[in-house]
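Below is one structure, written out as structure tokens; comments come after it.
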Amino acid sequence: MNLPFRIGALHDEPVVSVDGAFDAPGLNLSHWPGNTTPADLKHDLSTGIALNFARLDPEERERRAAGCVEVLNNHYDTDGVCSALAVLQPERALRIQDGLLEAAWAGDFFRAPSERGLAIDATVSRLVDAERSPLALAGMTDEQRQNTALADALERVPRMLEYGIESETVLWHDMLEAWRSDTRDLQSAVFDDLVHLDYAVWTGPMGRASSRDGAGTFDPGRHALWGRTEADRVLVLGPTAAGTTCRFLLSTVSWFDLVSRTAHARPDLAKLASQLNGLEGTDADASTCWRHESMGGASPELWFGEAHASNYEEHADAWLRPSGLDPLVLKARVTDAVRAAWTFPDDDDDDLSMDDLQLTRGLDS
């Protein structure tokens with residue numbers, strides 16, 4: 001499609017909006033909540049939607065995008081880059097569609113269908129990082145930085161998928177190594193799989209530090225966690241002599257508009273944090289306390305520790321601190337919150353049994 005592409009604010013003219021920006025007039029190709037994507041193009045990923053658009057006859061693509069003056073997104077990320085590629089270069093994108101989908105899954109759902117997908121996602125993320133990007137981003141505004149990274153990614157990503165990811169090793173090697181270390185850490189943890197609540201719990205070995213750096217807390221990253229479970233909500237406990245670190249994460253599965261599964265109501269993180277602060281004996285405005293991110297975010301979390309500025313971080317060990325609460329109490333309280341938000345088809349409101357709370361199995365090695 002011979003249209004310019006940019007990341008930026010909406011305007012009044014029709015556009016092909018990919019992955020976000022769905023309040024604009026024109027054609028929307030997005031899995032974000034509130035999207036207006038045509039029903040016949042729906043997919044769990046915006047990249048999948050854009051690839052469905054790419055499969056249409058050229059005349060049909062032109063008809064659906066009639067009057068549109070550009071391709072537009074309102075943010076920079078891997079799914080958005082891959083979506084734009086499918087719209088702008090449909091024939092090329094269809095030849096590398098498996099790799100594009102793998103990268104988009106790694107980016108938007110923190111899942112790891114392949115190391116190649118993780119490497120592409122890491123590359124796209126690194127390109128926009130002002131401190132670590134190979135691009136000259138110093139002094140740019142956020143919008144300029146994102147559009148500069150976007151222009152590069154639209155050429156770099158398909159090249160990596162066509163000729164191999166090895167040429168860009170410097171951009172993804174450390175992130176992939178961290179994922180491998182995190183995966184090894186999960187293999188040594190106890191795994192509670194509460195499938196009926198779309199909920200999983202990992203409890204690390206007593207005093208086990210992260211093998212990522214040989215120090216810190218038991219803190220496997222988001223990609224390792226959701227690479228090992230399809231559960232929407234995940235609790236990570238790290239028992240130590242000083243107490244237990246705790247990170248409770250909700251995935252994007254319960255936020256995006258999906259065709260493969262129905263999203264369940266999310267646990268109330270604000271209420272849970274308040275309850276845990278009461279048990280802990282800490283004030284909500286203390287420097288170290290139970291905290292949570294906004295429930296309106298795509299993948300919010302709750303933790304005990306210090307404040308931090310950014311969302312969706314891979315690891316949290318920089319601000320996690322050991323809670324004085326017993327790990328079984330933490331597990332029970334979080335499970336109660338999950339259960340309170342859950343609706344069974346024939347819900348009899350019975351309490352969870354101890355089997356629910358203590359059912360465990362080891363991860364496969």
Inset, instruction - Check whether at least one residue in the stretch 265-280 is among the acidic types (D, E), in contact with a strand residue (DSSP E or B) (Cβ under 9 Å, 6 or more places away or on another chain) and in a helix (DSSP H, G or I), and report yes or no. - result: yes
Legend entry - Subset tally (residues that are within 11 Å of N74 (Cα to Cα), in contact with a helix residue (DSSP H, G or I) (Cβ under 9 Å, 6 or more places away or on another chain) and either modelled with pLDDT under 90 or assigned to a strand (DSSP E or B) (or both)) for the stretch 10-19: 1
Inset, instruction - Tell me, yes or no, whether the stretch 83-105 has at least one residue that is among the hydrophobic types (A, V, I, L, M, F, W, C) and assigned to a loop (DSSP other than H, G, I, E, B). - result: yes
Inset, instruction - Kindly indicate the residue of the stretch 125-160 that is part of a loop (DSSP other than H, G, I, E, B) and of a type in the set (A, V, I, L, M) and also surrounded by the most Cβ atoms within 10 Å (Cβ to Cβ) among those meeting that condition. - result: V128
Inset, instruction - Looking only at the stretch 239-259, decide whether some residue is part of a loop (DSSP other than H, G, I, E, B) and closer than 24 Å to G324 by Cα. - result: yes
Legend entry - Residue within the stretch 99-111 that is out of contact with any Lys or Arg (no Cβ under 9 Å at 6 or more places or on another chain) and at pLDDT below 95 present: yes
Legend entry - Contacts under 9 angstrom Cβ, first residue in the stretch 19-40 being assigned by TED's automatic domain parsing to the domain that holds V87 and of a type in the set (V, I, T), partner modelled with pLDDT of 95 or more and outside any strand (DSSP E or B), 6 or more apart: T36/S30; T37/S30; T37/H31; T37/H43; T37/S46; T37/I49; T37/D257
Legend entry - Residue ID - farthest from the chain's Cα centre (by Cα), chosen from residues in the stretch 301-341 that are among the charged types (D, E, K, R) and farther than 19 Å from H223 by Cβ: D326
Inset, instruction - Would you check if there is a residue in the stretch 68-78 being outside any helix (DSSP H, G or I), of a type in the set (S, T, Y) and under 21 Å from D257 (Cβ atoms)? - result: yes
Inset, instruction - Select, from L302, L328, L250, the only residue that is closer than 15 Å to V201 by Cα, in contact with a Leu (Cβ under 6 Å, 6 or more places away or on another chain), hydrophobic (A, V, I, L, M, F, W, C) and in the same structural domain as A200 (by TED's automatic domain parsing). - result: L302
Inset, instruction - Identify the single condition in (1) in a loop (DSSP other than H, G, I, E, B); (2) surrounded by fewer than 22 Cβ atoms within 10 Å (Cβ to Cβ) that N52 does not satisfy, given that it satisfies every other one. - result: (1)
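Please go through the stretch 71-108 and give me each residue that is within 17 Å of the chain's Cα centre (by Cα), surrounded by fewer than 24 Cβ atoms within 10 Å (Cβ to Cβ) and in contact (Cβ under 8 Å) with a residue 60 or more places away in the chain, ordered by number.
Those that are within 17 Å of the chain's Cα centre (by Cα), surrounded by fewer than 24 Cβ atoms within 10 Å (Cβ to Cβ) and in contact (Cβ under 8 Å) with a residue 60 or more places away in the chain: H75, Y76.
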Inset, instruction - Considering only the stretch 106-124, state which residues are part of a helix (DSSP H, G or I) and among the small types (G, A, S). - result: A106, G107, G117, A119, A122
Legend entry - Unique match (being hydrophobic (A, V, I, L, M, F, W, C) and within 25 Å of the chain's Cα centre (by Cα)) among A286, A298: A298
Legend entry - Test result for D192, touching a strand residue (DSSP E or B) at 6+ places or on another chain (Cβ under 6 Å), among the charged types (D, E, K, R), under 25 Å from D268 (Cα atoms) and surrounded by 19 or more Cβ atoms within 10 Å (Cβ to Cβ): yes
Legend entry - The lone exception for Y312 - which of (1) under 30 Å from E177 (Cα atoms); (2) modelled with pLDDT of 95 or more; (3) touching a helix residue (DSSP H, G or I) at 6+ places or on another chain (Cβ under 8 Å) it fails: (2)
Inset, instruction - Among the residues of the stretch 20-43, write down those that are out of contact with any Asp or Glu (no Cβ under 9 Å at 6 or more places or on another chain), at pLDDT 95 or above, surrounded by 17 or more Cβ atoms within 10 Å (Cβ to Cβ) and in a loop (DSSP other than H, G, I, E, B). - result: H43
Legend entry - Residue check, E168 over 28 Å from E230 (Cα atoms) and either outside the structural domain of R95 (by TED's automatic domain parsing) or touching a residue at least 60 places away in the same chain (Cβ under 8 Å) (or both): yes
Legend entry - Matching entry among A263, A241, A215, A200 (being within 26 Å of N277 (Cα to Cα) and at pLDDT below 95): A241
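The values are calculated or read from the model by the stated rules, or taken from the named source; none is laboratory data. Only a predicted model underlies this, so the values are computations on that prediction, with no experimental measurement involved. For neighbour counting, all protein chains shown are included, and Cβ atoms are generated from backbone atoms with ideal geometry for every residue, glycine included.
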